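Structure, as structure tokens:
The values are calculated or read from the model by the stated rules, or taken from the named source; none is laboratory data. Note that the coordinates shown come from a computational prediction; the quantities given were computed from them, not determined experimentally. So basically every Cβ, Gly included, is an ideal-geometry build from the backbone, and we count neighbours across all protein chains shown.
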There are 2 protein chains.
Amino acid sequence: MKPDIGKVLVAGQWRESQSLSRFQAENPATGELLATQYPVSTGDEAMEALRAGAEAAEALRTADGETVAKFLESCAAGIEERATELVEMAHAETALPKTPRLREIELPRTTDQLRQAARAARDGSWQRPVWDEARKIYSLYAPLGGPVVVMGPNNFPFAFNSAAGGDFAAAIAAGNPVIAKANTGHPGTTRLLAEIAFDAARSRRLPASTIQLIYRTPREVGLEMVAHRLVGATAFTGSREAGLQLKAAADRAGKPIYLEMSSINPVIILEGALRERGEAIAEEFFASCTAGAGQFCTNPGLVILPGGELGERFIEACRRKFEAGTAGVLLGRGVRDGLSKSVALLRRHGAEVVCGGDALPGPATRFANTLLRASGEAFLRHPEELQTEAFGAVSLLVCCRGLDEMASIVKSIAGNLTGTIYSHTGGADDAAYAVIEPQLRARVGRLINDRMPTGVAVSPAMNHGGPFPATGHPGFTAVGLPAAIQRFVALHCYENVRPERLPPALQRSK
Amino acid sequence: MKPDIGKVLVAGQWRESQSLSRFQAENPATGELLATQYPVSTGDEAMEALRAGAEAAEALRTADGETVAKFLESCAAGIEERATELVEMAHAETALPKTPRLREIELPRTTDQLRQAARAARDGSWQRPVWDEARKIYSLYAPLGGPVVVMGPNNFPFAFNSAAGGDFAAAIAAGNPVIAKANTGHPGTTRLLAEIAFDAARSRRLPASTIQLIYRTPREVGLEMVAHRLVGATAFTGSREAGLQLKAAADRAGKPIYLEMSSINPVIILEGALRERGEAIAEEFFASCTAGAGQFCTNPGLVILPGGELGERFIEACRRKFEAGTAGVLLGRGVRDGLSKSVALLRRHGAEVVCGGDALPGPATRFANTLLRASGEAFLRHPEELQTEAFGAVSLLVCCRGLDEMASIVKSIAGNLTGTIYSHTGGADDAAYAVIEPQLRARVGRLINDRMPTGVAVSPAMNHGGPFPATGHPGFTAVGLPAAIQRFVALHCYENVRPERLPPALQRSK
């Protein structure tokens, strides 16, 4: 029997890849390879996609916001029509629960993002036109003039998918074509989503290469793509190691690249809060840390708390919950092996195991819910190593000997997506808060009070970003519209240009 | 006699540098060294400035917009008070004419920028607060949390000065302290401006390290500064070579850096315009290319025009003007030697001298007004080399054999600050414009019609930016408020944070 081989979508054609190198996705719940084979695209194929994307960028430049909005809405509608198929495929490839996670949570989130992006495309506010009539100088934000390469992560097969997720929606909203590079954990899901987007582009008469799809490339081809003269920008969500390699390549070529790389999302529990409601916080922490088997970019991987009896009681409460909780199936053996490595590294640098700490046997890829602990002093001996991300239901609890030590620890924290402070509801921690907050504020994108960081609302006020190394630049967000669009635009100024030659958004009267 | 030695301004103190290594500025009009010696700061001194700047950043975070605005206005008033002294010093260091250039043009431009920045600081619109009351998520743009290192260029001793110019004003407006690294061509001017800023900071009770000044560093110290964990961002205006080195260092560390590096500002003259008003365009071109001895980042260094008799007549008209014009005094011997090198490189790659081409003798540093020419075919053989910037009154005229060749040339153009198209006023060039404009648009920050590019109005609609290698990122501008502030901010999100703990800009009602 001839194997089922996934076709790439390049230059407006679904076609067999030129490449003979292939890979298969694995069902993480069973450890079995899924039947379909997907190609590892060659450099030639990637370059062809870039050329077609550059042509599409030129054509899209004159598409109006209404057409782009309708395209995004068609994508959302197409996803709803094929919801059952999408959920089955994503479940097989990622082992994420069909319900409620995929069907009731992530899929509606994805279509909501697409429709929010459609609204932004329609109202055009992201263009921020400025008129200086006296000097005949006008400016607005415009598409980049080249395709946006989107490399999505493993942990959100819909909401951050290269062919349907937040980066896709934001890039398209500004009128940029997208070259989707599937996450190799869910190529089939990405193929379905690219089919939906491609059909939507045709029905809306947008350029055929508004969406293209490849599944995987050799490392050097990926580096070549993000640095290519024809690329507009790249959006990458994934590991710090891969992100830094791509960043270096894009930076050398002066090409914009937006990265969401890693984050341990420090949670600081002040003494009054711990005394007031330690048990409740332990429950919130457990729920947040183990949700989705801990595979969220905003997972609380570092908890900083007062030591002594109060801290011990909290740790004990957490231990009981973590031990009693079932370890979820991970997204793949890569995640499991990464966890083993990270936990080993943390232990080598002074973290002690409270519970868990090891991969679990069986066909499903699992890792025990894990708590580690270290003293503040131990943390400050190896602050860099003890901030190693362990992507899963793993967290390091650091017990401090007073506020000064706590402040020193916070000062040693690298850039993160989020930072949380729990404080006494009656104000008993206000002085401590005033010491800790400025240090934490400077190191995170989103500062939270009294709530765990895992929820990332699709809100116009959201910042899913933060200082390096959480991302590549502290001024941009990957979630929240219209702000997320801001990553995929160039500033275009027109001086003394004849009125009829100005882009439509500058022609309307002020 | 003890030599006069310029003091550095570090951590709130004017003091003698620790360094024994020194340099002197030169009067470019006479070739004589100016008396004052300035230190080449050590790494220790630079690191001390970074530490003091980081402390100032923390303190400035709570300064209100009104205080920052008054500081910027005090800087402007201080410049006006010491105008005579400033003009004398800048003239001695740069040989730029005292009047009208320094006194009537650049100085008022500088104070205008400072006052525009003050208005932006006062109204706070750059913060763009967003409220999501339902979810208790709020966001705004905030200072970077570390000092901004400003490295200004040689060609605008006031308007782009590290201690008073556009980057300084934009960084301060957002509440960031500045570490000014003087341009080594005008250390004395920068010292006066830093004195004014330091006095203004004290009178407004801002942190003493709101402004710091060093004059020069060894190369490796500069690279260390822009990549240091305590730095907020860097703004650099200067040569591509130095800019790329700084960019690589900052990029590796994930630190924002904004660069304005080089631009040859292509001017495309379509056939109808040339036929209609060739002589007038030649006059505009001559005036634009030789203004300020050609030392503007927006100098028209590349002119693309139809060949044949029409083109020959234009070149001849230009030649007569360039030969008849007086060569201005350059900013220094570095500029003159750079011109000799660039012209030699252009000639090696097929450019032929129409007039000029050599440095001029005498004590003043001068270079003959220079026109080069090449055929379109010759240009396309070495498009990269023939886009080498020659920073001075030098321009390369490229004669095309038809519109196709012209379009190919435009497609080979790298990122530039500006691009200009001259077309027939009656519409005879409209078809050609439609072919050329999309290609040029994608490659420049500011697209101009029928006007030379050298004027850079301080307008909210201005874009003094453009794709790499003109700058490091196509989405930011160095001129024009409040947009220029956008470079020096981090996006700060607050979730579930108690109302009284929110920054003031988020506390006011929606």
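Computed values, structure above
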{"item": "Residue tally, condition touching a strand residue (DSSP E or B) at 6+ places or on another chain (Cβ under 6 Å) and of a type in the set (S, T, N, Q), over the range B:247-270", "result": "2"}
{"item": "Residues that are under 27 Å from the mean Cα position of the chain (by Cα) and part of a strand (DSSP E or B), drawn from the range A:1-13", "result": "A:V8, A:L9, A:V10"}
{"item": "All positions within the range A:31-73 that are touching a Leu at 6+ places or on another chain (Cβ under 6 Å) and either within 14 Å of chain B (Cβ to nearest Cβ) or assigned to a strand (DSSP E or B) (or both)", "result": "A:A54"}
{"item": "The one condition in (1) on the phi > 0 side of the Ramachandran plot; (2) at the interface with chain B (Cβ under 8 Å from one of its Cβ atoms) that A:G466 fails to fulfil", "result": "(2)"}
{"item": "Pair list, Cβ < 6 Å and 6+ apart or interchain, from the range A:1-29 residues that are under 25 Å from A:K98 (Cα atoms) to residues that are small (G, A, S)", "result": "A:D4/A:A35; A:N27/A:A92; A:P28/A:A95; A:P28/A:G332; A:A29/A:A95; A:A29/A:A364"}
{"item": "Inter-residue pairs, beta-carbon under 7 Å, first facing chain B (nearest Cβ under 7 Å) and over 16 Å from A:V221 (Cα atoms) and in the range A:243-256, second crowded, with 24+ Cβ neighbours inside 10 Å and aliphatic (A, V, I, L, M), 6+ apart", "result": "A:P256/A:A233"}
{"item": "Count of residues meeting criterion [out of contact with any helix residue (DSSP H, G or I) (no Cβ under 9 Å at 6 or more places or on another chain) and in a helix (DSSP H, G or I)] in the range B:375-386", "result": "1"}
{"item": "Residues (under 29 Å from B:A253 (Cα atoms) and either of a type in the set (S, T, Y) or not assigned by TED's automatic domain parsing to the domain that holds A:L274 (or both)) located in the range A:411-435", "result": "A:S412, A:T418, A:T420"}
{"item": "Which numbered condition B:A121 misses (of (1) away from every other protein chain (no Cβ under 14 Å); (2) more than 30 Å from A:N449 (Cα to Cα); (3) outside any loop (DSSP other than H, G, I, E, B))", "result": "(2)"}
{"item": "Enumerated helices (runs of 4 or more DSSP H) restricted to the range B:241-357, each holding at least 2 residues that are buried (at least 24 other Cβ atoms within 10 Å of the Cβ) and touching a Ser or Thr at 6+ places or on another chain (Cβ under 8 Å)", "result": "B:271-290, B:333-348"}
{"item": "Flag for A:G402 being of a type outside the set (S, T, N, Q) and at positive phi", "result": "yes"}
{"item": "Among the residues listed as B:A121, B:A159, B:A169, the single one being within 13 Å of B:A484 (Cα to Cα) and touching an Asp or Glu at 6+ places or on another chain (Cβ under 9 Å)", "result": "B:A121"}
{"item": "Filter pass, A:R205 being in a loop (DSSP other than H, G, I, E, B) and of a type in the set (D, E, K, R)", "result": "yes"}
{"item": "Of all residues in the range A:420-440 being in a strand (DSSP E or B) and not hydrophobic (A, V, I, L, M, F, W, C), the one that is farthest from A:V410 (Cα to Cα)", "result": "A:Y422"}
{"item": "Any hit, the range B:393-404, residues being in a loop (DSSP other than H, G, I, E, B) and touching a helix residue (DSSP H, G or I) at 6+ places or on another chain (Cβ under 7 Å)", "result": "yes"}
{"item": "Evaluation of B:G357 against (1) touching a residue at least 24 places away in the same chain (Cβ under 8 Å); (2) within 28 Å of the chain's Cα centre (by Cα) (one fails), failing number", "result": "(1)"}
{"item": "Residue match in the range B:225-236 (condition: assigned to a helix (DSSP H, G or I) and touching a residue at least 24 places away in the same chain (Cβ under 8 Å))", "result": "yes"}
{"item": "Candidates B:A194, B:A227, filtered to the one that is more than 30 Å from B:G78 (Cβ to Cβ), assigned by TED's automatic domain parsing to the domain that holds B:G43 and either surrounded by 24 or more Cβ atoms within 10 Å (Cβ to Cβ) or of a type in the set (G, A, S) (or both)", "result": "B:A227"}
{"item": "Selection count where residues are closer than 17 Å to B:G480 by Cβ and either in a loop (DSSP other than H, G, I, E, B) or more than 7 Å from every other protein chain (Cβ to nearest Cβ) (or both), scope the range B:441-458", "result": "7"}
{"item": "Residues of the range A:469-491 that turn out to be in contact (Cβ under 8 Å) with a residue 60 or more places away in the chain and either more than 7 Å from every other protein chain (Cβ to nearest Cβ) or part of a loop (DSSP other than H, G, I, E, B) (or both), as a count", "result": "15"}
{"item": "Criterion violated by B:P438 - all others in (1) more than 21 Å from A:D251 (Cα to Cα); (2) facing chain A (nearest Cβ under 8 Å); (3) crowded, with 24+ Cβ neighbours inside 10 Å satisfied", "result": "(3)"}
{"item": "Residue satisfying all of: in the range A:127-158; in a loop (DSSP other than H, G, I, E, B) and more than 14 Å from chain B (Cβ to nearest Cβ); surrounded by the most Cβ atoms within 10 Å (Cβ to Cβ) among these", "result": "A:P157"}
{"item": "Exclusive hit being within 30 Å of B:L34 (Cα to Cα) and touching a Pro at 6+ places or on another chain (Cβ under 7 Å), set B:G325, B:G332, B:G294, B:G338", "result": "B:G332"}
{"item": "Matching residues in the range A:492-510 - criterion: being within 7 Å of chain B (Cβ to nearest Cβ) and among the aliphatic types (A, V, I, L, M)", "result": "A:V497"}
{"item": "Meets criteria (of a type outside the set (F, W, Y) and surrounded by fewer than 21 Cβ atoms within 10 Å (Cβ to Cβ)) for B:G53", "result": "no"}
